[in-house]
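Following: one structure in structure tokens, then a few remarks.
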Amino acid sequence: MIPYINIPFDYVSGLLGASTDELKLISSFLISYPLAAVLKRLPDDKPWLKNVFSISVGVFFVIGLFDLWGGLFTLTLDAVATYAIAAYIQGPYMPWIGFVWLMGHMSVSHIYRQMINNPSAVDITGAQMVMVMKLNAFCWNVWDGKQKQADLTDAQKERMLTGLPSALDYAGFVAFFPSLMAGPAFDYVDYHRWLNTSMFDLPPGTDPMKAPVTRKKRKIPRSATPAMLKMASGLGWILLFLQMSKYHNPQVILSDKYMTYNFFWRVYHLHMMNFVTRMKYYGVWSLTEGSCILSGIGYQGIDQKTGKARWDRLTNIKPAGVELAQNSHAYLGNWNINTNHWLRNYIYLRVTPKGKKPGFRASMATFVTSAFWHGFEPGYYMTFVLASFIQNVAKNARRLLRPFFIAPDGKTGTPYKRYYDIATWLITQLAFSFTTTPFILLSIHDSMTAWARVYFYCVIGVTACSVFLVTPGKAYLQKQVKARSSRPQLQRGESQEGDVTLGVPSEPGREFDEMVDEIMEEVKRRQGSGTVPDGMELRKKVEETLRSKTGQGKGKES
């Protein structure tokens, strides 16, 4: 660490009430802006210089600002080991060996951080979580480059690597400083196209006069304005967080004074604690996205409607999408977008056998990966489990209730549609404020205390709705919806089957059915017999057994 570098941060932390490490982290994001402007202006025909500059700045952040020598070793070990795995291990297990190595090593870091138990200190786990996504995707991209084109999807063809990059290019990708400490993550092909400037080539047939404005002979379009807007919004969220966290924080929820409030006031404070916590993430991810935009790697082509350059390639968060979400899918889908991308493309779809739709195996693998990726605090798992049931209830509620507020042709809303929108927005926000509270409090004791103080309103609501879904009431509503609609019935599309948000299972009931089907297929395959009961028979037997055992248990208790 640079001598005396902590002095100004210690002084400012005393004024703002934030920790020294947190201020240094925010400062690293702000320093990235002028450095990204320099990076952008390095000669396009000298990619080695861009690599060296990016690596040097990344090392400065880790060592010069945070004195994380152990962290530098951790990131270097991850990168070198992954490169060696991709280079020397042949066969279909290569990407999975890389995955196990990265997740296992990161799990050690999570456990160590949990033992230290200092949330305000910056350690290397944040950067390592980003690195896991980048390097795991790198292994799959290398593997895809060795496969037949006919066996790959369009997305896999676009991101495959037909050969290993040079050590310097790879190191530049790993240490890309605008996203090193907190993301966003991206695939190697994005970095490579940014490095050789092919990312900025105009699509065939595009009028050169409509190309985005560049400076002199540089191919990277001007991006200062969108970058500064992102920086301003990021700083705004951070300042709001610093001010409002004084009044809405975990200590308020767990205090004795909290219990003197009425129920509605307690729910309000619970919601505000979650909202204020999200502000920190909105700020951090907006700041890092802005520096990526300024460097040029956030470029996403030309908007066909406006003719202007798009800079949303690495968007990781959409605050308005989260705060105005009217259902769980929109809420989760607008949060940590790049993690959703990684989980879907490199876990969910990768564990699915070719020619089959994703089922229980894919959902469970994604769920476990997402949970382990976040860490081992019990609160994470409480949130994930409850969120999966919320997803199930929300999907069914939308199918069963929304049609009554839409005209039979499905094109316009009824006069009561606005009330439905308000109700679903309020329910979604309050449900997730309850659900994500353990994600903030982390421990089982504190999480259960917070939930109990608002009378487990979300658990009770989800349970009641889940029970309704196994009664004749669901069939009655389905019949009414079908009778009311004048549109042809839509089949579940591939996009729906391939959808995943942060590893949260969307329909636990359907996942259970698919689990039974997959088990039966495996049993038949191994026994080579058709006499084994089919999935429907087995499901009935499992349900009957569960009911009988539940009944016996109740009888013994009484």
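The values are calculated or read from the model by the stated rules, or taken from the named source; none is laboratory data. Computed from a predicted structure; not experimentally measured. Backbone-built Cβ (ideal geometry, glycine too); neighbour counts: all protein chains shown. We work out accessible area using only protein heavy atoms, side chains counted, and drop any ligands, DNA or RNA first. Shrake-Rupley method; radii C 1.70, N 1.55, O 1.52, S 1.80 Å.
Details
- Every residue from region 107-125 that is assigned to a helix (DSSP H, G or I) and open to solvent by less than 60 Å² (accessible area, probe 1.4 Å): SER107, SER109, HIS110, THR125
- Restricting region 291-335 to residues that are surrounded by fewer than 23 Cβ atoms within 10 Å (Cβ to Cβ) and polar (S, T, N, Q), the residue that is nearest to ALA397 (Cα to Cα) is ASN327.
- Matching residues in region 63-85 - criterion: being over 22 Å from VAL108 (Cα atoms) and buried (at least 19 other Cβ atoms within 10 Å of the Cβ): LEU65
- Yes/no for GLY283 being closer than 23 Å to VAL132 by Cα and open to solvent by less than 30 Å² (accessible area, probe 1.4 Å): yes
- Qualifying residue in region 77-95 (condition: at pLDDT 95 or above, of a type in the set (Phe, Trp, Tyr) and within 27 Å of the chain's Cα centre (by Cα)): yes
- Within region 27-62, if we keep just the residues that are of a type in the set (Gly, Ala, Ser), closer than 30 Å to VAL100 by Cα and within 28 Å of the chain's Cα centre (by Cα), the residue that is surrounded by the fewest Cβ atoms within 10 Å (Cβ to Cβ) turns out to be GLY58.
Yes or no, residue by residue, for (1) out of contact with any Lys or Arg (no Cβ under 8 Å at 6 or more places or on another chain); (2) at pLDDT 90 or above; (3) within 18 Å of THR339 (Cα to Cα):
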| position | (1), (2), (3) |
| --- | --- |
| VAL132 | yes, yes, yes |
| PHE138 | yes, yes, yes |
| LYS157 | yes, yes, no |
| LEU164 | yes, yes, no |
| PHE186 | no, yes, yes |
| TYR191 | yes, yes, yes |
| SER198 | yes, yes, no |
| THR214 | no, no, no |
| ARG218 | no, no, no |
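- On the stretch given as region 253-271, residues that are surrounded by 18 or more Cβ atoms within 10 Å (Cβ to Cβ) and of a type in the set (A, V, I, L, M) total 3.
- Some residue of region 85-106 being assigned to a loop (DSSP other than H, G, I, E, B) and among the polar types (S, T, N, Q): yes
- Pairing residues of region 155-169 that are touching a residue at least 12 places away in the same chain (Cβ under 8 Å) and among the polar types (S, T, N, Q) with residues that are surrounded by 12 or more Cβ atoms within 10 Å (Cβ to Cβ) and assigned to a helix (DSSP H, G or I), at Cβ distances under 6 Å and at least 6 apart in sequence or on separate chains, gives GLN156/ASP144.
- Residue check, THR366 surrounded by 21 or more Cβ atoms within 10 Å (Cβ to Cβ) and modelled with pLDDT under 90: yes
- Condition met for TRP373 (at negative phi, in a loop (DSSP other than H, G, I, E, B), among the aromatic types (Phe, Trp, Tyr) and surrounded by 17 or more Cβ atoms within 10 Å (Cβ to Cβ)): no
- Those residues of region 347-361 which are among the small types (Gly, Ala, Ser) and either crowded, with 19+ Cβ neighbours inside 10 Å or not in a loop (DSSP other than H, G, I, E, B) (or both), in sequence order: GLY359
- In region 315-369, the residues that are among the β-branched types (Val, Ile, Thr) and under 24 Å from VAL462 (Cα atoms): VAL322, THR366, VAL368
- All of (1) open to solvent by less than 60 Å² (accessible area, probe 1.4 Å); (2) of a type in the set (Phe, Trp, Tyr); (3) at pLDDT 90 or above hold for PHE9 with one exception: (3).
- Any helices (runs of 4 or more DSSP H) falling wholly within region 133-231 and containing at least 1 residues that are crowded, with 23+ Cβ neighbours inside 10 Å and of a type outside the set (Val, Ile, Thr): 167-174, 188-195
- Residue ID - surrounded by the most Cβ atoms within 10 Å (Cβ to Cβ), chosen from residues in region 398-424 that are assigned to a helix (DSSP H, G or I) and in contact (Cβ under 8 Å) with a residue 40 or more places away in the chain: THR424
- Scope region 450-504; condition over 30 Å from LYS356 (Cβ atoms), at pLDDT below 90 and either under 27 Å from the mean Cα position of the chain (by Cα) or aromatic (Phe, Trp, Tyr) (or both); matching residues: none
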